[in-house]
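The values are calculated or read from the model by the stated rules, or taken from the named source; none is laboratory data. Keep in mind that this is a model prediction, so the values were computed, not measured. With ideal geometry, Cβ positions are generated from the backbone for all residues, glycine too; neighbour counts draw on all protein chains shown.
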């Protein structure tokens, strides 16, 4: 029998590669490759998950009402305009599935999140890339690349892997000038000043996605959400799985979003250690843009130098991300870890620099 043929575009998808978490032969490893919260999950979320685990024999809520109301209370939103998903990744897939298809284009930036072209091709649409300017979203370039076929535009703010942001004024320019839906990916928005939710409140063509995986420390639970026009949220609810989030994940996310003190601690600790990491990297002769996220992108003189430093760090048990696939072969994306993590990565790069000088 002939093998089944996948839909057009599927086999053009490059497999997404997550950050490594181990180094063969090295036991004492610090993982700074996936932008995880070094403080871990909130104790309140751990306890809520533990209690909810006793009911794992029961089906979870299909409407996520309790979590949506907790999110709405925290961010002063309308709970009926919130949809929850398996991380914000699922919501990106749902948006493409619902609003893009063959003959449509999905616009994204040059160094944007790797999931954007994946969800476009999975829906049968064509991904279109707009160049960035000095590692920042270029509003003029996005508007220039838009056509009548543009169904969705994905813009991350802060961006990954650069950590750079664009202003509320620039986001308004995009919303006013782009056809189709503008999707503002706020995976790292808790770490930055962000007005995207208010923009989505006021417009019928803007959707904001958020996640519990970063600032809330629930990467392993896989919970995300989106806020947008009721008509769009209604469409997404019609195609998402009715039991897409487990009872345990829902309970953990609700406890986390209500724990405002823990979020404040996370953001303040990240800002302090991000500044320390950035100063240290600049002091070691690396180029680093001002990041508004929980990571920094350090740029070396060449791809070879970045790869050599990456290998050196791994030999010391320090795992960072070499973002070749994002268009930065000369860079290393480094998660802002805890005090020890920041020290170890700076000490590791310093010893790499010292070895370079000794060999010169």
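Quick check on segment 281-293. Is at least one of its residues modelled with pLDDT of 95 or more, assigned to a helix (DSSP H, G or I), within 19 Å of residue 38 (Cβ to Cβ) and not assigned by TED's automatic domain parsing to the domain that holds residue 66?
yes
Which of the residues that make up segment 172-197 are under 29 Å from residue 266 (Cβ atoms) and in a loop (DSSP other than H, G, I, E, B)?
Correct list: 186, 187, 188, 192, 193, 194, 195.
Taking the options 72, 100, 53, name whichever one is over 23 Å from residue 216 (Cα atoms), assigned by TED's automatic domain parsing to the domain that holds residue 248 and modelled with pLDDT of 95 or more.
Details: 72 fails: over 23 Å from residue 216 (Cα atoms); 53 fails: over 23 Å from residue 216 (Cα atoms).
Just a single option satisfies the conditions, and that option is 100.
Name the residue that is surrounded by the most Cβ atoms within 10 Å (Cβ to Cβ), counting only residues in segment 145-162 that are part of a strand (DSSP E or B) and more than 20 Å from the chain's Cα centre (by Cα).
Ranking the qualifying residues of segment 145-162, first place goes to 151.
What residue, of 311, 325, 301, is closer than 30 Å to residue 25 by Cα and part of a loop (DSSP other than H, G, I, E, B)?
On inspection, the qualifying residue turns out to be 301.
I'd like the residue in segment 203-222 that is assigned to a loop (DSSP other than H, G, I, E, B) and in contact with a strand residue (DSSP E or B) (Cβ under 7 Å, 6 or more places away or on another chain) and, out of all such residues, is farthest from residue 176 (Cα to Cα).
It comes out as 212.
Would you check if residue 331 is closer than 20 Å to residue 164 by Cα, in contact (Cβ under 8 Å) with a residue 24 or more places away in the chain and touching a helix residue (DSSP H, G or I) at 6+ places or on another chain (Cβ under 7 Å)?
So residue 331 passes the test.
What residue, of 95, 77, 67, is assigned by TED's automatic domain parsing to the domain that holds residue 252 and under 17 Å from the mean Cα position of the chain (by Cα)?
The conditions single out 95.
If you check 211, 126, 165, which single one turns out to be over 16 Å from the mean Cα position of the chain (by Cα) and in the same structural domain as residue 63 (by TED's automatic domain parsing)?
Going through 211, 126, 165 in turn, the sole match is 126.
Give me the pairs, please: first residue somewhere in segment 163-185 and surrounded by fewer than 16 Cβ atoms within 10 Å (Cβ to Cβ), second residue anywhere and not in a helix (DSSP H, G or I), beta-carbon distance under 8 Å, and either six or more positions apart or on two chains.
Short answer, once both residue conditions are applied: 168/195; 177/146.
Only one of these conditions is not met by residue 266: (1) at pLDDT 95 or above; (2) surrounded by fewer than 15 Cβ atoms within 10 Å (Cβ to Cβ). Which number is it?
Among (1) at pLDDT 95 or above; (2) surrounded by fewer than 15 Cβ atoms within 10 Å (Cβ to Cβ), the lone unmet condition for residue 266 is (2).
Would segment 286-308 turn up any residue that is more than 23 Å from residue 136 (Cβ to Cβ) and in contact with a helix residue (DSSP H, G or I) (Cβ under 6 Å, 6 or more places away or on another chain)?
So far as segment 286-308 goes, no, none of its residues is more than 23 Å from residue 136 (Cβ to Cβ) and in contact with a helix residue (DSSP H, G or I) (Cβ under 6 Å, 6 or more places away or on another chain).
In a helix (DSSP H, G or I) and over 16 Å from residue 293 (Cβ atoms): which single residue out of 226, 200 fits that description? If you could, list the steps in order and put the result at the bottom.
Values: 226 fails: in a helix (DSSP H, G or I).
None of the others qualify; the one that does is 200.
Against the condition in the same structural domain as residue 29 (by TED's automatic domain parsing), outside any strand (DSSP E or B) and touching a strand residue (DSSP E or B) at 6+ places or on another chain (Cβ under 9 Å), how does residue 333 come out, does it pass?
In short, no.
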